[in-house]
Amino acid sequence: MQFGDLVMCVALMAVIVALINAPLATVFVAALDLEWGRLVSSTLSFLLSALVGGYIFGGKIRASGGMAAITKVTVLAGVLMMFHAMFLPTLTDWAPAIKEEYQAANPSRTLSAYEWFIVEDMAMSRVVCLNVGIVLVLVFIGLHVGSKFRKPSPK
C-alpha cells in the first residue's frame, strides 16, 4: 500500500465518521444520556468507518502484506485523532469543566495558576491517550474485519 493509499483510506474513514457521527449521536443521546450517547455513537462511527475503509481498500491491504498495511493505516488514524483531541481545549467550557471536576474531587484544595495549568495538562493527556487508544483498537479491528469481507479479485 502506497502512502497515498494510506492517506486516502484514513481520509475516507474521517469523512464517514463526520457524516454518521451526528445522526448516531442524536439517536443515542436521546436514548441514553449525553455522556454514554456520545461514547456509543463515536465508538460505532469509528468502527463502521474502519469496516468500510477495510472493505474498500481490502485488495490493496491484502496485496501489501495485510497486517503491515492495516497497522500503517491504524497509526495514521491515531495521529489524526491525536490532533483532533489536542484541539478540544479550544471549546468554550473546557477549562471551567476541568476545574469543576477537580474541585468536586478535591473540595478543600486551593491551587495556584501554575497548578491549574498542570491539572489541565494532565486532563489533556488523559483525553488524548483515551481517544487515541480507542481509535487504534477500533480502526485495527474494523480494517481487519472489513478487509476480510472483500473477496480477492479473480486473476
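FYI, it's all coordinate maths here, none of it is from the lab. Treat the numbers as computed from the prediction; the structure is a model and nothing was measured. Neighbour counts are summed over all protein chains in view; Cβ atoms, including those assigned to glycine, are modelled from backbone coordinates with ideal geometry.
Which of (1) surrounded by fewer than 18 Cβ atoms within 10 Å (Cβ to Cβ); (2) closer than 17 Å to Gly133 by Cα does Val10 not meet, given it meets every other one?
Of everything listed in (1) surrounded by fewer than 18 Cβ atoms within 10 Å (Cβ to Cβ); (2) closer than 17 Å to Gly133 by Cα, Val10 misses just condition (1).
If I filter the stretch 147-154 for residues that are surrounded by 17 or more Cβ atoms within 10 Å (Cβ to Cβ) and under 30 Å from Ile61 (Cβ atoms), do I get at least one hit? Working first, answer last.
Taking the stretch 147-154 first, the residues surrounded by 17 or more Cβ atoms within 10 Å (Cβ to Cβ) are 147.
Restricting the remaining residues to those that are under 30 Å from Ile61 (Cβ atoms) gives 147.
Checked against the condition, which is being surrounded by 17 or more Cβ atoms within 10 Å (Cβ to Cβ) and under 30 Å from Ile61 (Cβ atoms), the stretch 147-154 yields at least one hit.
Within the stretch 31-42, identify whether any single residue is acidic (Asp, Glu), more than 17 Å from Met1 (Cβ to Cβ) and part of a helix (DSSP H, G or I), and answer yes or no.
Taking the stretch 31-42 and keeping what is acidic (Asp, Glu), we get 33, 35.
Subsequent filtering for residues that are more than 17 Å from Met1 (Cβ to Cβ) retains 33, 35.
Still in the running and part of a helix (DSSP H, G or I): 35.
The answer is yes, given that some residue of the stretch 31-42 is acidic (Asp, Glu), more than 17 Å from Met1 (Cβ to Cβ) and part of a helix (DSSP H, G or I).
Considering only the stretch 13-43, state which residues are surrounded by fewer than 18 Cβ atoms within 10 Å (Cβ to Cβ) and either among the basic types (Lys, Arg) or within 14 Å of the chain's Cα centre (by Cα) (or both).
Pass one, the stretch 13-43, residues surrounded by fewer than 18 Cβ atoms within 10 Å (Cβ to Cβ): 14-15, 18-20, 22-23, 26-27, 29-36, 38-40, 43.
If the condition is that a residue be surrounded by fewer than 18 Cβ atoms within 10 Å (Cβ to Cβ) and either among the basic types (Lys, Arg) or within 14 Å of the chain's Cα centre (by Cα) (or both), then Ala14, Val15, Ala18, Ile20, Arg38, Leu39, Val40, Thr43 are the ones that fit.
Collect the residues in the stretch 27-81 that are hydroxyl-bearing (Ser, Thr, Tyr) and within 22 Å of Val132 (Cα to Cα), keeping them in residue-number order. Full working, then the answer.
Step one: list which residues in the stretch 27-81 are hydroxyl-bearing (Ser, Thr, Tyr), which gives 41-43, 45, 49, 55, 64, 71, 74.
Hits for the stretch 27-81 are Ser41, Ser42, Thr43, Ser45, Ser49, Thr71, Thr74.
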